[in-house]
Each structure stands twice: as structure tokens, then as C-alpha cells.
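Participant: My questions all concern the structure below.
What follows is calculated from the coordinates using simple rules that are stated; it is not laboratory data. Not measured: the values here are computed from a predicted model. Cβ placement follows ideal geometry from the backbone for every residue including glycine, while neighbour counts extend to all protein chains displayed.
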Amino acid sequence: MVKKNSCIFISGQGSNLKNLIKKSREYSFPINITLVVSNKDNAPGIKYARKYSIPYLIINTKLRNYEEKILLFLKRYNISIICLAGYMKIISKKFLNKYRKKIINIHPSLLPKFKGLNTFSRILDNKEKKTGCTVHYVNDKLDSGNIIVKKSFYISPYDNEDTLKFKTQKLEYLAFPEAIIKIFRDN
Ligand code: GRF
């Protein structure tokens, strides 16, 4: 099958990046991971790009035109889809317009609940019965684009922020690949 070129944006650990790299090596998975972009030069996740010999771009977001630089690379690598996997920067409207309906994000809650940061502490404070993760299209409002895949689990009385994160990420490793398969099946 002809796979589409994709770019993964990260800022941190990169466990979703690692998972997507592994999935992309399966014959029937619709994308190749062609490029990794990190806005942090010390993001631990960059090691996966190195390990699997994937070109990566470390971008200095203090530069006024840093998004234009990213756009140049996306063009150079003929990128069809961008996956935000723990990328902690807001994407400008101008950038979004260039990749309309082609940028997806994974969020550690059942959207539209708990948009934004510190989700696990807020979920516990709110005494939620269930939580999970959501893969959605990115638009110009925070964590608000159309939902592609959502996965949930029941919270136990023994859960804390660490166990919630662990359980949520286990679901993320299923949800992100599933969302990508769904996008290419439907389009
Ligand atoms: C994920 O849990 C995701 O929900 C959130 O950021 C985290 C990134 O984790 N947006 P990792 O860097 O993929 O390990």
C-alpha cells in the first residue's frame, strides 16, 4: 500500500511517538512517520527519532517566524498529516489554514470535559466516574475540534494522578493509531 507521509509534533516524553513509529512499520498502517518536530531541544522523545533514523527538527519558538520554518520542512517532506503528541504550543490560525483538517491531537480526557492542562487532578477533584482519552481534529479553539476517537475506563477509588495517567496513556496507544486508520479509511 502507498503510505502517506506524516509528521509528529512533540514536547516531552514521546511515548505516543514511539507507539506510532512501531505501528507505522506494520504493512497495512496508512502512514509513515517521515518527520518529527520538537519545540524543546531536551525533549526525551527526540531519542525515538534518532533510534529509528527519522529526520527531526528542533524548533526555537522564540524566533518570530518559527512556524514558517516548520512549514518549509513540512513541504520539503511532503507531509499529508500532522499528529500532535504532547506538543505544548498553540498553533496559529495561519498555520491551521495551511493544514486544514490535517492536524490531529490526543488529549488525556473525555472531551469536551476537561480541556486544557492538569486534567488528572481536575478529574479526581470532580469525582468523575469515568475518564479516558480523545483524538480530535485541531481547530482554533483549545481542544475543541471534531472528535475522531474516544476511549474510556472506570476510575477506581484507589486511583491517583499517576495511575490515571498510566491507564489513560495505555488507551492512547490504541486510540491514536485507530484514529489515523479511521481518517484514511473515511477519506
Ligand atoms: C499524552 O498523554 C497526551 O494525552 C498529552 O500529552 C501526553 C504526551 O505524552 N497531550 P507522550 O509525550 O506521548 O509520552
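Participant: Less than 14 Å Cβ to Cβ from residue 124, Lys/Arg counted +1 and Asp/Glu -1: what total charge do the surrounding residues give? Please list the in-between numbers first.
Facilitator: Values: positive: 113, 122, 127, 129, 130, 165, 167; negative: 125, 128, 159, 161, 162.
Around residue 124, the surrounding residues sum to +2.
Participant: Moving on to the next point. Once phi is turned into ³J(HN,Hα) by the Karplus curve 6.51 cos²θ - 1.76 cosθ + 1.60 with θ = phi - 60°, what whole-Hz value does each residue of region 101-114 show in order, with x for glycine and proline?
Facilitator: Result, ordered by residue: 6, 10, 10, 10, 9, 10, 10, x, 7, 8, 4, x, 6, 6 Hz.
Participant: If the chain between residue 28 and residue 140 were fully stretched, how many nm would it gain, using 0.36 nm times the residue separation less the Cα-Cα distance? Let's see the in-between values first.
Facilitator: Values: separation 112, 0.36 × 112 = 40.32 nm, distance 3.20 nm.
Net length gain for the segment: 37.1 nm.
Participant: Please give the charge dipole size of the chain, origin at the Cα centre, charges +1 on K and R Cβ atoms and -1 on D and E Cβ atoms. Round to the nearest 20 debye.
Facilitator: 480
Participant: Treat each spin label as a single point 7 Å out from the Cα along the C-beta direction, and report the residue 50 to residue 89 distance in nm.
Facilitator: 2.1
Participant: Rank the residues 134, 34, 163, 119 as a footprinting-exposure proxy: fewest other Cβ atoms within 10 Å of their Cβ go first.
Facilitator: Least crowded to most crowded, the residues run 163, 34, 119, 134.
Participant: If the elastic network links every pair of Cα atoms under 10 Å, which of 33, 58, 82 fluctuates the most in the Gaussian network model of the chain?
Facilitator: Maximum among the listed residues: 58.
Participant: So if I place +1 on the C-beta of Lys and Arg and -1 on the C-beta of Asp and Glu, and nothing else carries charge, what would the dipole magnitude of region 120-162 be about its Cα centre? I want it in debye, nearest 20.
Facilitator: 240
Participant: If you build a Gaussian network model of the chain, linking Cα atoms that sit under 10 Å apart, which residue out of 42, 97, 126 swings the most?
Facilitator: Taking springs between Cα atoms under 10 Å, the residue moving most is 126.
Participant: List the chymotrypsin sites (Phe, Trp or Tyr not before Pro) in region 84-187 that DSSP assigns to loop (not H, G, I, E or B) and whose Cβ has at most 16 other Cβ atoms within 10 Å. Which are they? Before the final figure, lay out the partial values.
Facilitator: Numbers: sites: 87, 95, 99, 114, 120, 137, 153, 154, 158, 166, 173, 184; in loops: 87, 99, 114, 158.
Answer in residue order: 158.
Participant: Still on this model: Lys/Arg Cβ at +1, Asp/Glu Cβ at -1, dipole of the chain taken about the Cα centre: which of 135, 1, 158 is farthest positive-ward?
Facilitator: Most positive-ward Cα: 1.
Participant: Taking the chain as the reference, fit the longest principal axis to its C-alpha atoms, fit the long axis of helix 66-76 to the helix C-alpha atoms, and give the angle between the two in degrees, 0 to 90, nearest 10.
Facilitator: On a 0 to 90 degree scale, this one is about 70.
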